[in-house]
Amino acid sequence: MEELDGEPAVTVIPGVNSKKKQMCFDWGPGEMLVCETSFSKKEKSEMVPSCPFIYIIRKDVDVYSQILRKLFNESHGIFLGLQRIDEELTGKSRKSQLVRVSKNYRSVIRACMEEMHQVAIAAKDPASGRQFSSQVSILSAMELIWNLCEILFIEVAPAGHLLLHLLDWVRLHVCEVDSLSADVLGSENPSNHGSFWNLVTILVLQGRLDEARQMLSKEADASPASAGICRIMGDLMRTMPILSPGNTQTLTELELKWQHWHEECERYLQDSTFATNPHLESLLKIMLGDEAALLEQKELLSNWYHFLVTRLLYSNPTVKPIDLHYYAQSSLDLFLGGESSPEPLDNILLAAFEFDIHQVIKECSIALSNWWFVAHLTDLLDHCKLLQSHNLYFGSNMREFLLLEYASGLFAHPSLWQLGVDYFDYCPKLGRVSLELHIERIPLNTEQKALKVLRICEQRQMTEQVRSICKILAMKAVRNNRLGSALSWSIRAKDAAFATLVSDRFLRDYCERGCFSDLDLIDNLGPAMMLSDRLTFLGKYREFHHMYGEKRFADAASLLLSLMTSRIAPRSFWMTLLTDALPLLEQKQVIFSAEQTYELMQCLEDLTSRRPVRGESDIQQLQDEDIETTKVEMLRLALARNLARAIIREGSLEGS
Amino acid sequence: MEEIYAKFVSQKISKTRWRPLPPGSLQTAETFATGSWDNEENYVSLWSIGDFGNLDSDGGFEGDHQLLCDIRHHGDVMDLQFFDQERIVTASSTGCVTVFLHHPNNQTLSVNQQWTTAHYHAGPGSPSYSSAPCTGVVCNNPEIVTVGEDGRINLFRADHKEAVRTIDNADSSTLHSVTFLRTPEILTVNSIGQLKIWDFRQQGNEPSQILSLTGDRVPLHCVDRHPNQQHVVATGGQDGMLSIWDVRQGTMPVSLLKAHEAEMWEVHFHPSNPDHLFTCSEDGSLWHWDASTDVPEKSSLFHQGGRSSTFLSHSISNQANVHQSVISSWLSTDPAKDRIEITSLLPSRSLSVNSLDVLGPCLVCGTDAEAIYVTRHLFS
């Protein structure tokens, strides 16, 4: 066992007095049952009123959020798309595909976040509003982490480009500037607006120098006195060398140019060109990468990773990926300044800057309240072939472990189980077993739902589960007296024993009522009839009725006889069959040949000789036996008469 | 089909239906109803795809559908039909049939009428009743016909408290769907591959005609009648096959078309353009079948997802001497001459498409992936 990474969180169950009473629990998939026992904690038992409830504790509560359901459903499609990405694809095309997938995931998170935000604003009571707001911040953190992972692990941007990506990352997540900008520009006199210089500073901090320049030109227009220095500052901003995506400039060229520009800035500082305007002076210091000047803008930077990126932009724009962790750590230390300790999010980001994927996933698993994030991120990173070496000391690899956890959570939900199926499919080691265990536990309240579950099982050749589901449905149908349905289900399950049972019910009903129910089914059995002997008999017996109805007496007679001689008919049913033969024996023309009549007689004798001899019997039984005896007598008479006619007929036919 | 809008709605959608347009109206469809299934709480919801002008500015883009109102529904919504402009009839997995009334003034839905135990199982030999899911409902003002897993057919009339007519044990297996053939005849399909025609003028509980697939007893899940030629009927089965039937002749389908890879949940002829047919399936696909025969060289135009449809036709040779113009394009089954163009309408496959509806140039469908797709330019 590895040691624990943190103290497990304590969940307090309202109403349960764990101080006084002992508690008991039982694990379920994704849920836990908890209740109080009657044992108290100490031997001295004082009478404490006990809690009469059993509690269901769910660990994955996010699954139950209405808005997050959209995230689960939409990302399910993306997940499937990712699994289908051709393994053959290599190099650039593969990378661009993976980046696209990652962006899709992020856009789904963003969509959810925006909706959650709307709901939080519209929430009537403050408690639920707070809850939604906290969800928004969780989603926002998820997107932030994901985006950084995308830049560092999937995009794997080289030096130079790396910083451009990081700038985009910061701009995307520190977005208060847009509303501020709208506010300032919307005012009558922008340069007199209270937040004007804040806005310009933020724009410079985010490296949005073109916009900053435009702002400065407004200031220049408003106060002619400072127009000159504003223009100089504007020129500095314009000439700052940057790597543009389409440019073929080499890194060394860029570094050289940047060095020149940096020296120029330095000169302006030494000349005290901007001394008359403290705002511009501080801007210049920022552009020189002065750490103290940057830290003065703590409020505007709002977090250490913004500080990190700005610091890199103005001091080392061609930073190499391997050097990132050094800058990250020092930026974090400088920014927090020993005043506060880093929070989980800081640790996760720091781990990412250190390129420690496992640490990122581990910290996320601990910090986040759902498995969605880690499962999908890990899966994506696995597709980038970044996790091969890591095997857990139990079960399977980390990707599979997290996917299994996530999918089990989905199965615990009453309606999201369909999504879970596909996740299990892509877990090569334990997915199948997990699916088998989960799928049998889905409550089947309608046939349509059962059909959907069956389709899932049949597509995966899970014959055992198919049989058990069909059996459940067949049993249900029998209980509801729907014999036709029951038979259909047992045919689908190829369950011979159950088909026999249902066929017996049909025959019993026939004996009681003298007519068959559910003819539409029995008459259309087709090849399914061969499933069990009893079912074959049922089908054939109905065929006999048909022939008889169509007055095809000879065919009917031989079928009837073959049912007995082939021993397909259950012995208990022979008397009924023989009675059915009676009208055939009494027809005007001879139907049973002499030989057939002998066989019929044989059957009758078989039946009567094996009849158990009863001892004491009540009146009802006596009456029954009386009827039976009369029947046998009548049969014997009819058989004898038919035999006589048949012999005469056959004799005369041969003679002529 | 570039313009297909998806919206995730946090509930698995079992049924989608357009609200019928008032007769003589030249508008296009803009309101549809959906029913959900397999949730802890199920809902019947009304949606609008109309333009909300102001919504376009704050993120809601044109074509996105907005929720008008919804109401709790007890049990899964197994089927859903508009009775008229304001009323919606639903079939529940609890065996209950409900009529909901839409109040356009304050955008609410309310229960207008309810038959709580329309479908039930009678226990063996005991008077104990347990409810049976109602699987299908069809309306033809003022009549409502429902079928269920109990093999029962009910004929209700709006504003009548009791069923006007009930056929107990109409089917030994589960009835999956029902449609009107021509009043007062209805058509049902069941789980052993049979199509039965019932005439309410006849007493007794025997169908007036039984048609069936041969041998295999593949369950049929959906049925739709050609809007103009009432003898032409399309059904979809568990194996995803599309069958076209001519109920005037024979007891077997005229043609069997290999279609989806899993259960076909719904089939619909286009109501005003019946050479077009739409099907959806458990395999997550939604197909548009175009049998209008005026395009030559169709085989080259087959889109992704649409495989060349193989005709396993029981060709009816005597069709040749019937006047050509009256033959529905669905009954002529000369594979060399007529090809059907099939287009897959949904971009990527995932979970089951449970329901679809077409009206004019508009199509709506709902899926188990909790998304509703709408397009307003079907024939562009």
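No lab work stands behind these numbers, since they all come straight from the coordinates. From a predicted model like this one, the values you see are computed outputs, not experimental measurements. So basically every Cβ, Gly included, is an ideal-geometry build from the backbone, and we count neighbours across all protein chains shown.
Taking K and R as +1 and D and E as -1, what net charge do the other residues with C-beta under 15 Å from the C-beta of residue B:78 add up to?
Numbers: positive: A:449, A:452, B:12, B:15, B:17, B:152; negative: A:447, B:38, B:76, B:79, B:149, B:150, B:263, B:266, B:368.
That sum, taken over residues with Cβ under 15 Å, equals -3.
Rg/Rh for the protein assembly as shown: what does it come to with C-alpha atoms and Rh from Kirkwood?
Rg/Rh: 1.10.
Just add up the charged neighbours of residue B:173: K/R +1, D/E -1, any other residue whose Cβ is under 15 Å from the Cβ of residue B:173.
Within the 15 Å Cβ shell, the charges total -3.
Separation between the residue A:322 and residue B:116 pseudo-spin-labels, each 7 Å from Cα along Cα→Cβ, expressed in nm?
7.7
Would you work out the charge dipole size for the protein assembly as shown about its Cα centre, treating the Cβ of every Lys and Arg as +1 and the Cβ of every Asp and Glu as -1, and quote it to the nearest 20 debye?
That gives the protein assembly as shown a dipole magnitude of about 2760 debye.
Going toward the positive end of the dipole of chain A, with +1 on Lys and Arg Cβ and -1 on Asp and Glu Cβ, which of A:375, A:326, A:541 do you reach last?
A:541
Before anything else, pin down the relative contact order of segment A:169-319: Cα pairs under 8 Å, at least 6 apart, normalised by residue count, whole percent.
Relative contact order of segment A:169-319: 20 percent.
Angle between the Cα long axis of helix A:196-205 and the longest principal axis of chain A, 0 to 90 degrees, nearest 10?
Rounded to the nearest ten degrees, it is 70.
So for each of B:138-149, A:318-329, A:282-293, A:259-270 I average, over its residues, the number of other beta carbons within 10 Å; can you give me the resulting order with the highest mean first? All intermediate terms of the calculation are to be shown ahead of the outcome.
Working: B:138-149: 22.3, A:318-329: 15.6, A:282-293: 18.3, A:259-270: 13.6.
Those peptides, ordered most packed to least, come out B:138-149, A:282-293, A:318-329, A:259-270.
Across the residues of A:440-447, average count of Cβ atoms on other protein chains within 10 Å?
Shielding by partners across A:440-447 averages 4.
Measure nothing fancy, just the Cα-based angle from helix A:344-353's long axis to the longest principal axis of chain A, in degrees from 0 to 90, nearest 10.
Here the helix axis deviates by roughly 80 degrees.
Can you run phi through the Karplus equation (6.51, -1.76, 1.60; θ = phi - 60°) for segment A:73-90 and list ³J(HN,Hα) in whole Hz, with x for Gly and Pro?
With coefficients 6.51, -1.76 and 1.60, one gets 5, 6, 6, 4, x, 5, 4, 4, x, 5, 5, 8, 4, 4, 5, 5, 4, 10 Hz.
Which entries in A:452/B:7; A:449/A:476; A:449/B:15 show an alpha-carbon gap greater than 18 Å?
Where the Cα-Cα span goes over 18 Å, the pairs concerned are A:452/B:7.
Whole Å is fine, so just give me how far the alpha carbon centre of segment A:276-346 lies from that of segment A:172-193.
What the calculation gives is 23 Å, centre to centre.
Below 8 Å, C-alpha to C-alpha, sequence gap of six or more: please give me the relative contact order for segment A:51-190 in percent.
Relative contact order here is 18 percent.
Tell me which lysines have Cα within less than 25 Å of residue A:257's Cα, excluding those fewer than 8 residues away on the same chain?
Output for residue A:257: A:285, A:320.
May I ask you to evaluate 6.51 cos²θ - 1.76 cosθ + 1.60, the Karplus curve with θ = phi - 60°, for each residue of segment A:151-163 and list the ³J(HN,Hα) values in order in whole Hz, giving x for glycine and proline?
Rounded to whole hertz, the list is 5, 7, 9, 9, 5, 6, 5, x, 3, x, 5, 3, 5.
Rounded to the nearest Å, what's the spacing between the alpha carbon centres of segment A:467-506 and segment B:214-249? Just the number, please.
Taking the Cα centre of segment B:214-249 as reference, the centre of segment A:467-506 is 27 Å away.
If amide H atoms are built 1.01 Å from N in the plane of the peptide, which residues on other chains or at least 5 residues away come under 5 Å of the amide H of residue B:42?
The answer is B:73, B:75.
For segment A:443-546, go through all pairs of different Cα atoms, get the mean of 1/r, take its inverse, and jot down that Kirkwood value in Å.
Kirkwood radius, segment A:443-546: 14.1 Å.
Would you compute, from DSSP H runs of 4+ residues alone, the mean residue ellipticity of chain A at 222 nm, taking -39500 (n - 2.57) per run and dividing by the full residue count, rounded to the nearest 500?
-21000 deg cm²/dmol
If you count, for each residue, the other Cβ atoms within 10 Å and average over each peptide, how do A:423-433, A:82-92, A:643-653, B:12-22 line up from highest to lowest?
Top of the packing list down: B:12-22, A:423-433, A:643-653, A:82-92.
Hey, got the Cα dimensions of segment A:523-656 along the principal axes, in Å, largest first?
Principal extents (largest minus smallest coordinate, Cα): 57, 40, 22 Å.
Tabulate in residue order the Karplus-calculated ³J(HN,Hα) for segment A:621-628, using 6.51 cos²θ - 1.76 cosθ + 1.60 with θ = phi - 60°, rounded to whole Hz; enter x for Gly and Pro.
5, 4, 4, 4, 5, 4, 4, 4
What residues qualify as long-range amide H neighbours of residue B:254, i.e. H under 5 Å apart, gap of 5 or more or another chain, H built at 1.01 Å from N?
The answer is B:244, B:245, B:246.
Expressed as an acute angle from 0 to 90° and rounded to the nearest 10, what is the orientation of the C-alpha long axis of helix A:463-479 relative to the principal long axis of chain A?
So the helix axis and the longest Cα principal axis differ by about 60 degrees.
Which of A:172, A:377 comes first, and how do the rest follow, when ranked by fewest Cβ neighbours within 10 Å?
A:172, A:377
In the neighborhood of residue A:177, defined by Cβ-to-Cβ distances under 10 Å, what is the net charge if each Lys or Arg adds +1 and each Asp or Glu adds -1?
-1
Taking the Cα centre of segment A:169-319 as origin, work out the dipole magnitude from +1 charges on Lys and Arg Cβ and -1 charges on Asp and Glu Cβ, in debye rounded to 20.
On the way: 11 positive and 20 negative charges, 38 e Å.
With only Lys, Arg, Asp and Glu charged at Cβ, the dipole is about 180 debye.
Shielding by partners for B:8-14, please: the mean number of other protein chain Cβ atoms within 10 Å of each residue's Cβ.
Average neighbour count from other chains, rounded to a whole number: 5.
Could you work out the mean count of beta carbons from other protein chains within 10 Å of each residue's beta carbon in B:363-371?
3
Explain nothing, just the number: relative contact order of chain A, from Cα pairs under 8 Å at least 6 residues apart, as a whole percent. Could you put the intermediate results ahead of the total?
Numbers: 622 pairs, mean separation 51.6, N = 656.
Relative contact order here is 8 percent.
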